[in-house]
Amino acid sequence: MLRHVGADYPLVTVFAGSAAAVLAYEHQWGCLAFTVSILALVLSRSRLVHAAVGVALGLAACLAAPGWLDVGEGVHRVLGRVSSLDYPGSSPRVTIERLVVDGARVRGSARVLLSGDAPEILEGDVITADIVAMPPKGFGNEGEFDLRRHLLETGVVLDARLAPGGSARVIGTGRKEGLRNRMIRMLEGFSRPEAELIKAMVLGDRSGITPGIRDSFEGLGVSHLLAISGLHIGIALMIGYASASLLLRMAAIFFPALDTPMIARLAAAAWAVWYTVFAGAGVTVMRACIMAVCVAAGTTFLKRKTDVLEGLALAGVIILVVWPGSLSSASFLLSFSAVFGIASALRASQGCPLWFRSLAVSLAPGVFTLPLVIRLFGFVSLVGFAANLVVVPLFGLFIMPCSAAGLAASLVCEPLGSFLLGLSMDTLGLIVSAGQVLGRAQAVPVPSVPWVCACFAGFIIAFWGRPKSFRTLVLSLLCMVIAAIPLAGSMSRARSPMQFDFISVGQGDSILVTQGRHAMLIDAGPSRPGFDAGRYVVGPHLARRGYVWLDLVVVTHLHPDHAGGVPFILSRFPVGRVWVNSWKDGNPSFMEIQGIARKRHLLLHSARRGDTYRLGSASVRVLAPLPGLEGHSTKVDQNVQSIVLMVTDGRTRGLFMGDADMFGELVQVHLQTDLKADVLKVAHHGGKHSCLDPFLEAVRPDVAVISCGRGNPHGDPSPQALERLEKRNIRVFRTDIHGEVLLRSCPRGLSIKSARNPADTQ
């Protein structure tokens, strides 16, 4: 069915063999099964050697690739050249290449978070710094983003921060020599947010991209434009080809024997390589350059039926040999699938009118990347296909060429450069406005790896398989699998019992309570400069669990470690109603929540003792705060007046205390409420005033869960609270040690699962 593909395109077999070797080395068995299946379909006797060469190249690359650098505890000295600079918060973070650690040369680069009073550092500077390692362990939620793997995919082998009392010094500077730095500083002189977009799209500097701008582009489904990728390199190829062709046609008057197309393609490839170096030559940019140049080489030198596929396979082999870990990276998968979609559309539309082929090529990248986008991000733009048909050509034909011309012109004629850049900024402003008005990123359940593999198997067989009855049967079976997997997941959720899912968000709270298809979210973790738990932890976690509709969102109180992530959740997820503990107009979190609620027509309710809610077959009862707080919001103690909930399905009871420690606990005991519960969410992250003896005597829980961050500055949980829990033989789970804690109500008692082995945190 696909054997002719291996026969016509031998590099496809080499690439499949390399990919299989890398996946086997990394123990990714699901993807390995898919790759081996495709390899078996394209393999023939004449291509056995090609497959063996691919496997050998993949294994050799994995064995030779640099691993994570374990420098141990203590202070270390690093030296190297700054290749990139960003600001995740108030402090700069640099990536250092040509790395020397404690006097020894190290393969790979290091990422170092500096202090707020660090000296001025620019890309190209050579710096030395005293650092302590920060091994990336994540938050400990099941299926969460693997930071360590991501860093290795980008060539980073050490993640660190400036040591307490340590210093960072610039010992060599390249800031005066860099054309890119001059252009960045020139754009910083424009008091327009669109200038930051040009910095990101053309110069590869995303340090000034705000969450609002990113949300506008994500809402339109064009956020891929914000990072230099294969599209940007492809546009650079076209600009280089068009410029070289124009010059060569003019020179043909004097040199008529010139092979203009061949020289123009070589000039375009050279231009793309130069642009890659100019834009920073990071690993992701270099991967895009290799892919684009190899595809261009395929159309120039390889005389195949569909040159794009052979060039794509060549790029894949080179990339896996140089960066084998990139096979699982989002940038590689999305770029590869997008170009593969273009090759498939070109093959399927042979002989069709030009307008139809153009439309097919424009739509193919979005279709072929859609399964990956859903799997990797859990959000899909509702207007993505239509927006890409308009925005991508506009970017390629006008915004990027005009911006590049404006930057170049600014070096010799500032008024002309400012005029051209102004045109680009005005156009980008229209895109941002369209994203704010029309854009909407919809949360969708994250599918499993087999579902994604089934989608791509369908793409490959549908576009590249020879028409046979067996092909029709296989495609029919794949369509049934693609429909059955999400349906099975939905049916499984519908039958699931009540669950308490304590999400690990660092120093903060976030609990997902579910019963069947019904879901309630209690708080959404912290928000601080550079990190929003709602955006980066809670939202993706909800999508992975398949709960993209929330019946109820409870904001226990308005402190940022509980309410900080709520605005993102309310803006991205359909929500039935929202409960808050008080109306406090001066509180920034409340003002943002109130604004989003008005915009999305959400029911905002001030919860009080006695309120109830039905969550499927489970009941939710409010135990605090007491009635009568209206009109006294300025005097409300947010911790003591947290919303306290009792949730039960008739078999298991859970008591969620928010931050209502000490007085909050004693009030509940004084009211002589039936506080008996199987699960206790410990108040105030296990602080010293939580878990008082009278309160524990009234609750008598079997399990206590403490939400807190590893190494938090408050020292939570306190030894006093832990001692009181231990004295009563209460099982304690902590998100800083155990990561995510999932408790399920079962007929025979509680089923408890933690995402992290406590030994992993040592």
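Coordinate-derived values only; no laboratory data. Just so we're clear, the structure is a prediction, and the values are computed from it rather than from any experiment. Please note: Cβ atoms are built from the backbone with ideal geometry, for glycine as well, and neighbour counts cover all protein chains shown.
Things worth noting here:
- Between I171 and W274, the modelled label-to-label distance comes to 3.4 nm, taking each label 7 Å out from Cα in the direction of the beta carbon.
- Among F385, F336, the ranking by other beta carbons within 10 Å of each residue's beta carbon, starting with the fewest, stands as F385, F336.
- Here the contact order of the range 195-443, divided by its residue count and restricted to Cα pairs under 8 Å and six or more residues apart, works out to 25 percent.
- Normalised by 2.2 N^0.38 Å, with N the number of residues, the alpha-carbon radius of gyration of the range 1-64 equals 1.04.
- With the convex hull of its Cα atoms as the shape, the range 1-151 has an orientation-averaged projected area of 12.3 nm².
- FRET efficiency, H4 to S243 (Cβ-Cβ, R0 51 Å, nearest 0.05): 0.85
- The alpha carbon centroids of the range 1-57 and the range 91-160 are separated by 35 Å.
- Pairs from the table (K688/K727; K584/K676; K681/K727; K137/K199) lying more than 22 angstrom apart at Cα are K584/K676; K137/K199.
- Quarter of the Cα convex hull surface for the range 512-589, i.e. its orientation-mean projected area (nm²): 4.9 nm²
- Sum of side-chain charges, G576 neighbourhood, beta-carbon under 14 Å (Lys, Arg +1; Asp, Glu -1): +3
- Inter-part distance, the range 668-721 to the range 490-524, computed on C-alpha centroids, equals 20 Å.
- Rg over Rh for the range 630-726 works out to 0.98, using Cα positions for both radii and the Kirkwood form for Rh.
- Descending Cα extents along the principal axes, the chain, whole Å: 99, 66, 52
- Cut-off 14 Å between beta-carbons: net charge of the residues surrounding S115, Lys and Arg +1, Asp and Glu -1: 0
- In order along the range 311-323, phi translates into HN-Hα couplings of x, 5, 5, 4, 4, x, 5, 4, 5, 5, 5, 7, 10 Hz, rounded to whole numbers, per the Karplus curve 6.51 cos²θ - 1.76 cosθ + 1.60 with θ = phi - 60° and x for Gly and Pro.
- The residues E665, E723, E188, when put in order of fewest to most other Cβ atoms within 10 Å, stand as E723, E188, E665.
- P(r) for the range 195-443, from all Cα pairs and a bin width of 10 Å, is 7, 28, 37, 22, 5, 1, 0 %, short bins first.
- Where labels lie 7 Å past Cα in the beta-carbon direction, separation of E723 and R357 in nm: 8.0 nm
- Using C-alpha pairs below 8 Å separated by at least 6 residues, the relative contact order for the chain is 9 percent.
- When V537, V481 are sorted by how many other C-beta atoms sit within 10 angstrom of their C-beta, beginning with the fewest, the order is V481, V537.
- Its alpha carbons give the range 76-177 an Rg and a Dmax of 13.6, 47 Å.
- Over the range 408-509, the Kirkwood radius and the radius of gyration, each from Cα atoms, give a ratio Rg/Rh of 1.27.
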